[in-house]
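Following: one structure in structure tokens, then a few remarks.
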């Protein structure tokens with residue numbers, strides 16, 4: 001049982017494990033609540049002159065923080081078609097982190113109890129195991145995105161809100177960029193020998209990418225922005241956030257090539273990160 | 001000892017009587033009159049500013065100066081103090097493009113002004129003799145106005161004197177029981193002089209004649225330096241010029257005036273954005289042309305000290321669309337609404353305080369200017385969705401002018417939403433129950 005068949009069987013097994021435990025469902029419900037709160041706040045912020053954040057204390061704080069950090073332009077863009085784009089990020093980010101983190105913990109737990117070793121001496125290689133975990137993450141994310149989209153669609157219909165083309169585009173972009181984030185989770189899992197270490201590494205890498213990317217967008221201080229812009233120029237070729245922005249800008253200004261370049265970038269970096277993760281795993285395999 | 005303490009206390013108190021005097025420093029500055037797409041912004045680039053941002057393919061004016069500058073903590077900005085030191089340098093400005101081509105600019109006299117039109121954007125720039133003529137013509141028109149006002153005042157005084165004299169004469173004749181008919185006729189034939197109108201051809205009058213270097217560059221990055229009279233590059237005069245071009249132009253934005261808060265308009269910039277309103281009052285909209293610039297570049301263009309986002313683009317309102325009309329699509333059909341003047345009238349009885357009524361130039365509003373010229377979009381809470389787009393324009397402009405108005409009347413269907421959110425919990429509960437039962441049956445079979 002090698003290659004494709006092994007991956008398929010193991011992926012199914014991982015998915016079964018995941019869906020049989022309540023953790024995934026609880027995380028999905030909590031993340032959706034995170035997404036629903038901004039929608040509720042947005043509806044309460046609508047007056048005769050349109051969306052007025054000062055009508056809702058929660059939104060007043062959120063928009064004021066975003067404006068001071070990034071500028072008014074970002075807030076205008078974020079809420080141009082309604083609350084769902086912001087709500088999507090609010091729900092998706094915690095869920096993605098949960099899926100990646102749980103996958104890293106599962107990997108280390110199964111390695112610690114000798115399950116991976118057992119499988120490796122049996123019909124499949126450890127890289128097949130790694131790939132199956134990666135696919136399990138992707139399927140879980142797609143399932144959650146589908147559930148979130150349906151939920152938001154029903155909420156939008158109930159409240160006469162519009163999901164908007166930007167939301168649909170973002171759903172697709174986030175689904176694509178999840179591939180790269182899951183690959184980083186796999187690399188983090190393979191790179192260290194302990195669960196906590198891998199989890200910390202994954203979070204540090206993601207937070208670093210986020211800080212460098214977000215820093216180049218901030219207007220607080222020229223120095224911070226300039227440093228971030230230089231750092232961002234260096235690390236952007238590996239950053240999922242850079243590719244997300246690139247694809248979204250391409251969609252906004254209807255630049256086909258920018259979109260294609262962004263998606264290709266994600267796939268190429270995913271392949272690269274995946275290759276490094278597999279190489280690390282094989283290296284460990286050889287040592288053991 | 002007591003005396004010394006008193007003296008020390010007095011000295012300490014005296015310090016608090018004096019405010020902190022800002023520290024001035026002498027700096028070589030580029031004084032900039034930068035075109036911003038809609039008007040001229042006056043700013044300056046300090047010695048430590050490395051880059052000057054200018055609007056591409058438009059006339060911008062730079063000059064090289066030496067002034068005192070000081071930091072003003074209240075606004076957080078550096079200010080120029082030209083009361084003591086105000087030196088303008090003679091020489092030439094050189095702009096070098098990325099290929100090394102050098103363009104040389106000579107100093108010219110210039111002025112800029114905005115002419116009155118139906119809408120707000122009629123900027124003109126004049127240089128050399130034309131600028132001097134324009135300035136002289138503006139000054140002359142004001143002198144003429146002052147002269148006409150003086151003549152009017154004299155004529156009006158004479159008119160008032162004549163009227164008063166006749167009035168007293170009529171009173172005197174009446175007291176004596178005489179016939180006042182002729183005097184009354186005389187009074188009615190007296191015509192008051194007409195007050196001269198203020199010169200109103202300019203909305204922004206020509207700026208006083210200034211000397212500067214007219215810089216008009218295509219989009220791109222250039223190097224700038226100032227060559228003094230001796231032909232040497234002036235120290236600290238080298239800067240980078242970023243000639244800024246819009247990423248997208250001639251898009252349509254809307255200024256939105258809700259009828260119940262017409263002094264608090266909001267703006268809709270993003271094409272295909274949705275306007276969510278509560279439908280409690282009608283809406284008045286004014287479409288405008290807008291161009292899209294990088295936030296940081298545009299902010300720096302109008303104020304070199306300001307900051308902005310270097311990665312985000314923003315829409316900048318350029319000017320109102322003249323004589324606009326919009327197509328409004330509702331569930332009832334399509335309707336074309338034309339731009340109309342409206343008058344805001346104070347209401348006597350309603351709690352609203354005012355009402356917006358169509359402007360009646362010949363009737364009740366004769367002699368007054370309309371409060372607002374806009375498109376009236378009637379709204380009610382029964383409307384669910386209204387879409388609007390500019391009528392009678394090119395397809396590309398029409399596309400960017402599309403907006404959807406959605407009427408939101410509070411949060412709805414919360415119970416269904418809660419059910420949707422708990423679906424994952426219900427699923428996991430079902431899965432666990434089924435598994436438990438299955439496991440129990442297996443255990444029974446085994447036992």
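Take every Cα pair under 8 Å in chain B that's 6+ residues apart, average their separations, divide by the length, and report that relative contact order as a whole percent. Could you put the intermediate results ahead of the total?
Working: 812 pairs, mean separation 64.8, N = 447.
Computed over chain B, the figure is 14 percent.
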(request) Specify the inter-centroid distance of the range A:1-63 and the range B:44-93, based on alpha-carbon positions, in whole Å. (result) 51 Å
(message) Once you order the gyration tensor axes a ≥ b ≥ c over the Cα atoms, which shape class does the range A:3-287 get: rounded for a/c under 1.5, otherwise prolate or oblate by comparing a/b with b/c?
(response) prolate
(request) Once you've got the GNM for chain A with C-alpha springs shorter than 10 Å, pick whichever of A:87, A:189, A:115 has the biggest mean-square fluctuation. (result) A:115
(message) Can you compute the modelled spin-label distance between residue A:175 and residue B:249, with each label point 7 Å from Cα toward Cβ, in nm?
(response) 3.9 nm
(request) Springs between alpha-carbon atoms under 10 Å, Gaussian network over chain B: tell me which of B:122, B:304, B:200 tops the mean-square fluctuations. (result) B:200
(message) Counting only helical runs of four or more DSSP H residues, what would the 222 nm mean residue ellipticity of chain B come to if each run contributes -39,500 (n - 2.57) and the total is spread over all its residues?
(response) -9500 deg cm²/dmol
(message) For chain B, set up a GNM with springs between Cα atoms under 10 Å and report which of B:207, B:148, B:165 has the largest fluctuation.
(response) B:165
(request) Assuming R0 = 22 Å, can you tell me the calculated FRET efficiency for the pair residue B:200 and residue B:57, based on Cβ-Cβ distance, to the nearest 0.05? (result) 0.10
(request) Return the calculated 222 nm mean residue ellipticity for chain A, to the nearest 500 deg cm²/dmol, obtained by summing -39500 (n - 2.57) across DSSP H runs with n ≥ 4 and dividing by the residue count. (result) -28500 deg cm²/dmol
(request) Rounded to the nearest 0.05, what FRET efficiency do residue A:121 and residue A:17 give with R0 = 25 Å and r taken as the Cβ-Cβ distance? Could you check? (result) 0.75
(message) Can you give me the distance in nm between label points at residue A:168 and residue B:361, each placed 7 Å from the Cα along the Cα-to-Cβ direction?
(response) 4.6 nm
(message) Once each part is reduced to its C-alpha centroid, what is the distance from the range A:105-155 to the range B:279-336 in angstrom?
(response) 47 Å
(request) Within the range B:36-59, which residues have the backbone N less than 19 Å from the label spot 7 Å out from residue B:70 along Cα→beta-carbon, could you tell me? (result) B:44, B:46-47
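How would B:381, B:428 line up from fewest to most surrounding beta-carbon atoms within 10 angstrom? Each step should come with its number before you reach the end.
Values: B:381 12, B:428 20.
In increasing order of surrounding Cβ atoms, one gets B:381, B:428.
Among A:5, B:365, which comes first, second and so on when ranked by fewest other beta-carbon atoms within 10 Å? Walk me through the numbers on the way to the answer.
Working: A:5 12, B:365 18.
Starting with the residue having the fewest Cβ neighbours, the order is A:5, B:365.
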(request) Using only Cα atoms, find the angle between the long axis of helix A:57-70 and the longest principal axis of chain A, and express it within 0 to 90 degrees, rounded to the nearest 10. (result) 80 degrees
(message) If I take R0 = 51 Å and measure r between the Cβ atoms of residue A:8 and residue B:102 in this structure, what FRET efficiency does the formula 1/(1 + (r/R0)^6) give, to the nearest 0.05?
(response) 0.15
(message) If you average the alpha carbon positions of the range A:237-288 and of the range B:150-198, how far apart do those two centres end up, in angstrom?
(response) 91 Å
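Can you tell me, using C-alpha contacts under 8 Å and at least 6 residues apart, the relative contact order of chain A as a whole percent? Please list the in-between numbers first.
Details: 307 pairs, mean separation 57.2, N = 288.
About 20 percent, as a whole number.
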(message) What distance in nm lies between label points placed 7 Å from Cα along the C-beta direction at residue B:369 and residue B:280?
(response) 3.2 nm
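Fewest first, what order do B:237, A:68 take by the number of other Cβ atoms within 10 Å?
Numbers: B:237 19, A:68 12.
Result, fewest neighbours first: A:68, B:237.
No value in this document is a laboratory result; all are computed from the given coordinates. Just so it is clear, the structure is predicted and the values come from calculations on it, not from any experiment. Using ideal geometry, Cβ is built from the backbone for each residue, glycine included, and neighbour counts are taken over all protein chains shown.
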